[in-house]
1. Taking the C-alpha atoms of segment 46-116, how large are the radius of gyration and the largest Cα-Cα span, Dmax, in Å?
2. For a quick check: sort 50, 81, 119 by the number of other beta carbons within 10 angstrom, fewest at the front.
3. Evaluate the distance, in nm, between pseudo-label points positioned 7 Å from the Cα of residue 10 and of residue 89 along their respective Cα→Cβ axes.
């Protein structure tokens, strides 16, 4: 079983790995955190969790096709660029917030409307403030 890891980088940033398995089968998305036998179908997820998964899928697609413009990606996914931007912003949430959204049961009960009401701050503690969570010392892990 993989575990969450936090590693400081040379440039002062930190790299956080959260083990989540996402598998796409046609139009269905399945996700599991621990083993291949514990997958859940996308219909079992909250709207925020589904959008977070979609954000990582879109990011993966964009990284595979770096010449794909945001307009083209939005058209391909049948959404407007504004929604694409909001969904992609979810992948920049603080690692513990992502982990809390993906946990069973979810540690946080944020609505999509709340998260998308304003542009998400890049700073993780500013995100926590925006979402009504206490500050955290991310450098300490």
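Read the figures in this text as sums done on the coordinates, not as results from a lab. No experiment lies behind these values; they were computed from the predicted model shown. Cβ placement follows ideal geometry from the backbone for every residue including glycine, while neighbour counts extend to all protein chains displayed.
1. Considering segment 46-116 through its Cα atoms, Rg and Dmax are 12.6, 38 Å.
2. Lowest count first: 119, 81, 50.
3. Calculated label separation equals 3.4 nm.
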